[in-house]
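This report refers to the structure that appears directly beneath it.
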Amino acid sequence: MGRVGATARPSAPQHALEHLDVVVIGAGISGIGAGRYLATDLPGTSFAILEARGASGGTWDLFRYPGVRSDSDLSTFGYDFKPWLDDQAIADAARILRYVREAATENGLDEKIRYHQRVVAMAWSSETARWTLTVERTDDQHDTDHSPGQERERFQLTAGWVFAGTGYYRYDAGYTPELPGLDSFARTPGNAVVHPQHWPADLDVTGRRVVVVGSGATAITIVPAIAEQAAHVTMLQRTPTYVMPVSRGDALAARLRRVFGDERGAALTRRKNIAKQRAVWRFCRQHPTAARALYRRVVTRQLPEGYDVAKHFDPAVRPVGPAPVRHPGRRLLRRPPQRPRVGGDRQDRQLRRHRGAAGQW
Ligand SMILES: Cc1cc2nc3c(=O)[nH]c(=O)nc-3n(C[C@H](O)[C@H](O)[C@H](O)COP(=O)(O)OP(=O)(O)OC[C@H]3O[C@@H](n4cnc5c(N)ncnc54)[C@H](O)[C@@H]3O)c2cc1C
């Protein structure tokens, strides 16, 4: 542990406060990346990484649902300064977490991270050209949340710069839309409602009938991961998204590393993947009709004959802007033993027909 900030109530006098050149908030992939650049490019800068939880890694430590993985390839999602050398280009959470923690250790950041310190307020003073941060100590049991009514110790410190590597979602409560009837469903004996951000470690879906609400990246990860244990899985979607099957590995990356060595090979892979993503984005933007047709052709080829692709895989929006949902694997939807289904009754009937005809899915 590094130096611990002076303990004081928010009203404590300024001179009692610890001052750092930079405070980084969050020890996820962003905060650790920022720490590394501070340590190497600005030696002599005093800084600390304040982390609300008791563990580093952010997203990659928090999410525990079955199959949790990245959507991006790690050659571009990972750090420029630390080549991604794993065979999984689209990697599971455990590998990403290991990578992020290795980056922290290799760059001497472990002692810079101050765990269980949540920044709850910041105030800028033009007079002193400093930020004053109010920090609350969290405890071991409650990694992320506030227990109602519980008073936590607070103190302040000052900083010249603040880097917020806090991510983009609430850690204590994942977004849950208003779904009328959900409470009474959950209260019915034998039922369970689970949010992927708070996946119970002991949840066993063996033999259960499951509905996954949504069809974004999380749902697309969970469905195949639980299909083998569950009696039946239904993915329920409001609106279709673009889905493109991609390979989880990267054969060319492995070859580049063999030929050019780890560092050079990984750097070339990063450039290759950035160029590829740019080209796809540009193509989608300049030729949305052709891009849509291409997506559709790929998806149709993966699905049973006669499948209602237009209804379930053809979004109303053009294929530009945010990245499409990727599904790593050779087939868009592999043949799981328990056959997950997408959509409602009509489609279910169609799927049953296709299973009979094509012998799959
Ligand atoms: C399952 C999943 C897969 C994803 N896959 C991809 C992908 O492939 N590509 C992609 O680009 N993005 C992906 N994302 C988004 C992903 O979260 C980010 O890209 C990336 O991990 C964010 O890193 P981060 O360090 O900015 O934030 P986070 O990983 O969210 O880490 C933020 C850290 O800050 C801490 N913190 C927050 N607020 C405070 C505070 N007030 N005080 C102190 N500490 C605080 C948190 O405890 C946490 O440790 C994915 C997200 C999920 C959930």
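Only the coordinates and a few stated rules stand behind these numbers; no lab work does. These figures come from a predicted structure and were not determined experimentally. Every residue, glycine as well, gets a Cβ built from its backbone with ideal geometry; the counts of neighbours run over all protein chains shown.
The table below gives the values:
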read-out	value
14 Å cut-off, amide nitrogen to a point 7 angstrom out along ALA39 Cα→Cβ, residues in the range 75-96	81-82
Rounded if a/c under 1.5, otherwise prolate or oblate - the range 216-289, Cα gyration tensor axes	oblate
Per-residue HN-Hα couplings for the range 122-132 [Karplus 6.51, -1.76, 1.60; θ = phi - 60°; Hz; x = Gly/Pro]	9, 9, 9, 10, 6, 4, 9, 6, 9, 8, 10
5 angstrom amide H check on ARG69, placed H, neighbours 5+ away	ALA93
Fully extended contour minus Cα-Cα distance, from ARG301 to HIS232, at 0.36 nm per residue	22.4 nm
Cβ-derived FRET efficiency at R0 25 Å, ASP87 paired with ALA275, nearest 0.05	0.70
Separation in nanometres of the label points that stand 7 Å from Cα toward Cβ, at ARG64 and VAL317	3.2
Calculated from backbone phi, Karplus (6.51, -1.76, 1.60) coupling profile of the range 164-178 in Hz, x at Gly/Pro	9, x, 8, x, 10, 9, 6, 7, 7, 8, x, 4, 10, x, 5
Anisotropy class of the range 18-164 from Cα gyration tensor, a/c 1.5 cut	oblate
Cα shape, the range 57-117, gyration tensor, a/c 1.5 rule	oblate
